[in-house]
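Q: Shown below is the structure under consideration.
The values are calculated or read from the model by the stated rules, or taken from the named source; none is laboratory data. The structure displayed is predicted, hence computed values, not measured ones. Don't worry about glycine lacking a Cβ; one is built from the backbone with ideal geometry, like all the others, and counts go over all protein chains shown. We work out accessible area using only protein heavy atoms, side chains counted, and drop any ligands, DNA or RNA first. Shrake-Rupley method; radii C 1.70, N 1.55, O 1.52, S 1.80 Å.
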Amino acid sequence: MARLFTRCRENFVCGHCGQRVIGDGYTNHCPYCLYSKHVDHNPGDRSNQCLGLMEPVSVEAKSKKYVITHRCLKCKVIKKNRSASYDSFEAILGVMRRS
């Protein structure tokens, strides 16, 4: 089944570090600490009722970009997301060191 993408431009306060984040419609994690929130079944649909924090557990380099693997602290689901150009490189390195 194809995953549909719904662009959802919204601002949020990170549930982990408390930073205010200005969303661009593709933002799916905090650029400061890389944590996310488990809100989607398909990217952007905001239909998941879990709402658990998604911890960044690993980062891999792929063709000049990074892919962040998140694990939900509530339901344990694992999802991968591309990094954004404005993500903290220090946070990316921190996750890489921990994994």
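Q: Excluding ligands, DNA and RNA, what is the solvent-accessible area per residue of the chain at a probe of 1.4 Å, expressed in Å²?
A: Working: 6520 Å² over 99 residues.
With all protein chains present, the chain gives 66 Å² per residue.
Q: Which is the longest run of the chain containing none of the chymotrypsin sites (Phe, Trp or Tyr not before Pro) found in DSSP loop states (not H, G, I, E, B) with at most 14 other C-beta atoms within 10 Å?
A: By the stated rule (loop sites, at most 14 other Cβ atoms within 10 Å), 27-85.
Q: Let me ask something else about it. Could you tell me the calculated FRET efficiency between Tyr26 and Ser63, based on Cβ-Cβ distance and R0 = 22 angstrom, to the nearest 0.05? Walk me through the intermediate numbers first.
A: Details: r = 18 Å, r/R0 = 0.81.
Step by step, r from the Cβ atoms, then E = 0.80.
Q: Here's another thing I want to ask about it. Return the sequence-ordered ³J(HN,Hα) values of segment 40-50 in whole Hz as given by the Karplus equation 6.51 cos²θ - 1.76 cosθ + 1.60 applied to θ = phi - 60°, using x for Gly and Pro.
A: Residue by residue, segment 40-50 yields 10, 8, 10, x, x, 7, 6, 9, 8, 8, 4 Hz.
Q: Using a cut-off of 9 Å between beta-carbons, work out the net charge of the residues near Cys14 (Lys and Arg +1, Asp and Glu -1, Cys14 not included). Don't jump to the answer; show the numbers that get you there.
A: Working: positive: Arg20, Lys37; negative: none.
Around Cys14, the surrounding residues sum to +2.
Q: Suppose each label sits 7 Å from its Cα in the direction of the beta carbon; what would the Glu10-Arg98 distance come out to in nanometres?
A: 2.5
Q: Let me ask something else about it. Take the Cβ-Cβ distance between Ser85 and Gln49 as r, set R0 to 25 Å, and report the resulting FRET efficiency rounded to the nearest 0.05. Could you put the intermediate results ahead of the total?
A: Values: r = 31 Å, r/R0 = 1.26.
It comes out at approximately 0.20.
Q: With axes computed from alpha carbons, what is the tilt in degrees of helix 89-98 against the longest principal axis of the chain, rounded to the nearest 10 within 0 to 90?
A: With rounding to tens, the tilt is 80 degrees.
Q: Shifting gears a bit: Which of the three applies to the chain, rounded, prolate or oblate, going by the alpha-carbon gyration tensor with a ≥ b ≥ c and a/c under 1.5 meaning rounded?
A: Details: a/c = 1.32, a/b = 1.28, b/c = 1.03.
Rounded.
Q: For segment 82-87, take each phi angle, set θ = phi - 60°, evaluate the Karplus expression 6.51 cos²θ - 1.76 cosθ + 1.60, and give the result in whole Hz per residue in order, putting x for glycine and proline.
A: Once θ is set to phi - 60°, the couplings for segment 82-87 become 6, 6, 10, 4, 9, 5 Hz.
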